[in-house]
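The values are calculated or read from the model by the stated rules, or taken from the named source; none is laboratory data. Just so you know, these numbers come straight off a predicted model, no measurement behind them. We place every Cβ from the backbone using ideal geometry, glycine too, and count neighbours over all the protein chains shown.
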Amino acid sequence: MTSFRRTALVCGILYLLTFIGAIGSAFLVAPALTDPAYVLGAGADQVRLGLVLELVNVFGCVGCGIAFFSVIRREHEGLAIGYFGTRLFEAVIITVGVLGLLSVLTLRQQVASGADGESMVPVAAGFAALRDWAMAIGANMAPFNALMLGTALYRSRLVPRAIPALGLVGAPILIAFVIGMILGVAHPGTPFQVVAVMPFFFWELALGLWLTFKGFNENSPIGLAERARRLRAETSGPLGAALEAPAGAA
């Protein structure tokens, strides 16, 4: 397996990990978000596992930004930096939401130890609201991710153009939905949210699966340049390989 194919495999697996982490967590942490009396309960439950999966999503986001950078910068360095920056911002904001729910778990432990439960309910609700807004802003960085990565992939032909086109077409719709939520004119669970989210669900899922099982297009300009670099390194031997290596790689 070539380094070019390994990079595609890593990118694909990381994208799929963000899917597993985000979707799994959404189901598992639901009790802490929907039940006002959750903080009054006791004992271990599924929320902790959900937060672990949320951290899997966080590390997947950062990993995607790093893994794609080395390839996308060959098409456009500004887009590569922009994609990495939006992924890092997404990871940081989602982590804030994780901290909010961890705080709810701490309050729950205090109630189980004898603290006044009634006074903890509004505090826990505040932390739960923090998590909701962290997901609304952090996870919904998807359109900005799509504008950066999708543009680079569409231009470079590293994957079939239909895949990044999904993200590029859906980006303005999801941006409008997020702005509408902040302004109070759009709400989760409405048809507007479904229309806004679905293109990104399919774009990210399709991209993760394609890169995992098919890889980058070897016949794209970047793929051909990578193949030529590899052939030069192979035909010129160890000395040529050393000369082909990036500066500071040793």
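Return the residues of the range 188-228 that are aromatic (Phe, Trp, Tyr) and not in a helix (DSSP H, G or I); say none if nothing qualifies. Within the range 188-228, just Phe216 meets the criteria. Here Arg157, Arg161 are screened, and the one residue that is over 14 Å from the mean Cα position of the chain (by Cα) and on the phi > 0 side of the Ramachandran plot is Arg157. Out of all the residues in the range 67-81, which are of a type outside the set (A, V, I, L, M, F, W, C) and in contact with a Ser or Thr (Cβ under 9 Å, 6 or more places away or on another chain)? The answer is Ser70, Arg74, Glu75, His76.
Search the range 75-97 for residues being in contact with a helix residue (DSSP H, G or I) (Cβ under 7 Å, 6 or more places away or on another chain) and surrounded by fewer than 17 Cβ atoms within 10 Å (Cβ to Cβ), and hand back the single one that is nearest to Met135 (Cα to Cα). Steps first, answer last, please.
Residues of the range 75-97 that are in contact with a helix residue (DSSP H, G or I) (Cβ under 7 Å, 6 or more places away or on another chain), as a first pass: 75-76, 79-80, 82-84, 86-91, 93-97.
Pick out the ones that are also surrounded by fewer than 17 Cβ atoms within 10 Å (Cβ to Cβ) and you get 76, 88, 96.
Numbers: His76: 29, Leu88: 14, Val96: 9 Å.
That would be Val96.
The residues of the range 42-90 that are free of Cβ contacts under 8 Å to residues at least 60 places away in the same chain, of a type in the set (S, T, N, Q) and in a helix (DSSP H, G or I) amount to a single one, Asn57.
Based on this model, can you work out whether Val185 counts as assigned to a helix (DSSP H, G or I), hydrophobic (A, V, I, L, M, F, W, C), modelled with pLDDT of 85 or more and out of contact with any Asp or Glu (no Cβ under 6 Å at 6 or more places or on another chain)? Can you show your working first?
Details: assigned to a helix (DSSP H, G or I): no; hydrophobic (A, V, I, L, M, F, W, C): yes; modelled with pLDDT of 85 or more: yes; out of contact with any Asp or Glu (no Cβ under 6 Å at 6 or more places or on another chain): yes.
When the stated conditions are applied, Val185 does not pass them.
Taken over the range 153-178, the criterion of being touching a residue at least 60 places away in the same chain (Cβ under 8 Å) and either over 28 Å from Asn219 (Cα atoms) or not hydrophobic (A, V, I, L, M, F, W, C) (or both) is satisfied by Arg155, Ser156, Arg157. For the range 181-206, filtered to residues that are crowded, with 17+ Cβ neighbours inside 10 Å and over 16 Å from Met141 (Cα atoms), the residue that is farthest from the chain's Cα centre (by Cα) is Phe192.
I'm checking my understanding of the structure. Among residues of the range 111-131 that are of a type outside the set (Gly, Ala, Ser), assigned to a helix (DSSP H, G or I) and more than 33 Å from the chain's Cα centre (by Cα), which one is farthest from Cys61 (Cα to Cα)?
Glu118
Filtered by the rule that a residue be more than 19 Å from Gly85 (Cβ to Cβ) and surrounded by fewer than 24 Cβ atoms within 10 Å (Cβ to Cβ), the range 157-169 gives Arg157, Val159, Pro160, Arg161, Ala162, Ile163, Ala165, Leu166, Val169.
Are any of the residues in the range 5-14 among the small types (Gly, Ala, Ser), assigned to a helix (DSSP H, G or I), in contact with a Leu (Cβ under 8 Å, 6 or more places away or on another chain) and farther than 30 Å from Ser156 by Cβ? Show your work before the answer.
In the first step, residues of the range 5-14 are kept if they are among the small types (Gly, Ala, Ser); the result is 8, 12.
Pick out the ones that are also assigned to a helix (DSSP H, G or I) and you get 8, 12.
Narrowing the set further to residues that are in contact with a Leu (Cβ under 8 Å, 6 or more places away or on another chain) leaves 8, 12.
This time we only want the ones that are farther than 30 Å from Ser156 by Cβ, so: none.
Within the range 5-14 (the criterion being among the small types (Gly, Ala, Ser), assigned to a helix (DSSP H, G or I), in contact with a Leu (Cβ under 8 Å, 6 or more places away or on another chain) and farther than 30 Å from Ser156 by Cβ), the answer is no, since none of the residues qualifies.
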